[in-house]
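All remarks here apply to the structure that follows.
The values are calculated or read from the model by the stated rules, or taken from the named source; none is laboratory data. The model shown is predicted, which means the values in this text are computed figures rather than measured ones. Here Cβ is always computed from backbone atoms with ideal geometry, including for glycine, and neighbour counts include all displayed protein chains. When the accessible area is computed, the model is the full protein with side chains, heavy atoms only, and any ligands, DNA or RNA have been set aside. Shrake-Rupley method; radii C 1.70, N 1.55, O 1.52, S 1.80 Å.
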Amino acid sequence: MVRAALTAPGAQPTYSGLCAFRALVPPGRRPRFARRPAQTLWVGQGHHLVHYPVSAGELVNLVAFAPAGDYTTESGTATAPIEELLAEFAGWDERLVGLIRAAGTPGRLGAARRAPLTRWTAGTVTLLGDAAHPMFPFFAQGAAQAIEDGSVIARCLAADPAYPAAALRRYESLRIPRTTRLQEVSHARAHVNHLPDGPEQRARDASFSRVEPAGGQRLVSTPTTRRASRSDRPSLSHPPPTER
């Protein structure tokens, strides 16, 4: 409501063609490979899935992206049958399929694309976080940028407490260039994650292979031929996770 009052008319979301599935794997059903304290990224044509432990390692969080078809609902409460999520990853590595099967009922969200704003402050009213710069989660920067907003707005107000409107304009001018860049990067990442087999896919996998897995991310690149053959196995840019 506040964003609509502050921004120019016509700043409406556009259809991205993607939807997100989110689910949690409860204690007792977590496969050992998914308990590693790291983010694991599985990528393939038109799809990707990320999983990592949450709640002090008690749960495993899954976030998957797939073609949305005609699904455009933006909702924090809508759900989908687990069979729909399984169907999107049919033929992928059996470890991933087993992890999905172990999860609870997934939420489903139509991923809308919103263009960066050129202004988000009017007088003593301003925006921060997703209200100001909603972005795809492919760079894991949504919450991080809200924290940065909070830090910058606090310092601007502390430096000029008698003139809050000026402080908020300063906050906006400092933050918009950075958040705009990250919004654009997060949108472009959808293309990178969903490449079909080919030169771009091989270059992407090579770039990931230079990242040390202990640093927090592991790439699993799944061949795009998976739907033609259920026996396909992913190529790993790093060795498979060590069972511990």
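Could you run through region 48-62 and say how many residues are open to solvent by 10 Å² or more (accessible area, probe 1.4 Å) and among the β-branched types (Val, Ile, Thr)? Quick ask: steps written out before the conclusion?
We begin by selecting, within region 48-62, every residue open to solvent by 10 Å² or more (accessible area, probe 1.4 Å); these are 50, 52-59, 61.
From the residues that got through so far, the ones that are among the β-branched types (Val, Ile, Thr) too are 50, 54.
Selection size over region 48-62: 2.
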TODO: Count, please, the residues in region 151-170 that happen to be surrounded by 15 or more Cβ atoms within 10 Å (Cβ to Cβ) and under 26 Å from the mean Cα position of the chain (by Cα).
DONE: 2
Task: The lone exception for Glu148 - which of (1) out of contact with any helix residue (DSSP H, G or I) (no Cβ under 6 Å at 6 or more places or on another chain); (2) in a loop (DSSP other than H, G, I, E, B); (3) open to solvent by 40 Å² or more (accessible area, probe 1.4 Å) it fails - done: (2)
Task: Where Ala68 falls short, out of the listed (1) open to solvent by 20 Å² or more (accessible area, probe 1.4 Å); (2) modelled with pLDDT under 90 - done: (1)
TODO: Can you give me the number of residues within region 55-99 that are more than 28 Å from Arg36 (Cα to Cα) and aliphatic (A, V, I, L, M)?
DONE: 2
Task: Among the residues listed as Arg101, Arg95, the single one being open to solvent by 40 Å² or more (accessible area, probe 1.4 Å), under 25 Å from Pro27 (Cβ atoms), among the basic types (Lys, Arg) and out of contact with any Pro (no Cβ under 7 Å at 6 or more places or on another chain) - done: Arg101
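Here is a check on your reading of the model: is Ala4 open to solvent by 20 Å² or more (accessible area, probe 1.4 Å), out of contact with any strand residue (DSSP E or B) (no Cβ under 7 Å at 6 or more places or on another chain) and not basic (Lys, Arg)? Spell out how you get there, then give the answer.
Details: open to solvent by 20 Å² or more (accessible area, probe 1.4 Å): yes; out of contact with any strand residue (DSSP E or B) (no Cβ under 7 Å at 6 or more places or on another chain): yes; not basic (Lys, Arg): yes.
Answer is yes for this residue.
Out of all the residues in region 84-101, which are part of a loop (DSSP other than H, G, I, E, B) and touching a strand residue (DSSP E or B) at 6+ places or on another chain (Cβ under 9 Å)? Talk me through it step by step, then tell me what you get.
Narrowing region 84-101 to residues part of a loop (DSSP other than H, G, I, E, B): 89-93.
Within region 84-101, Phe89, Trp92, Asp93 meet the criteria.
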Task: Among (1) open to solvent by 20 Å² or more (accessible area, probe 1.4 Å); (2) of a type in the set (A, V, I, L, M, F, W, C); (3) modelled with pLDDT of 55 or more, the one test that Leu236 misses - done: (3)
Open item on the list: Filter region 102-130 down to the residues that are in a strand (DSSP E or B) and over 17 Å from Ala146 (Cα atoms) and list them by number.
Closed with: Gly107, Arg108, Leu109, Gly110, Ala111, Ala112, Arg113, Ala122
Open item on the list: Can you list residue pairs whose Cβ atoms sit under 9 Å apart, with the first residue in region 89-110 being at positive phi and the second being aromatic (Phe, Trp, Tyr) and at pLDDT below 95? Count only pairs 6 or more apart in sequence or on different chains.
Closed with: none
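Take Arg113 and tell me if it is open to solvent by 70 Å² or more (accessible area, probe 1.4 Å) and touching a strand residue (DSSP E or B) at 6+ places or on another chain (Cβ under 7 Å). Break it down stepwise before answering.
Details: open to solvent by 70 Å² or more (accessible area, probe 1.4 Å): yes; touching a strand residue (DSSP E or B) at 6+ places or on another chain (Cβ under 7 Å): yes.
Taking the combined requirement at face value, the residue satisfies it.
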TODO: Give just the number: which of (1) touching a Leu at 6+ places or on another chain (Cβ under 8 Å); (2) open to solvent by 80 Å² or more (accessible area, probe 1.4 Å) does Tyr15 not satisfy?
DONE: (1)
Task: Failed item in (1) over 30 Å from Trp120 (Cβ atoms); (2) touching a Phe, Trp or Tyr at 6+ places or on another chain (Cβ under 8 Å), with Thr7 passing the rest - done: (1)
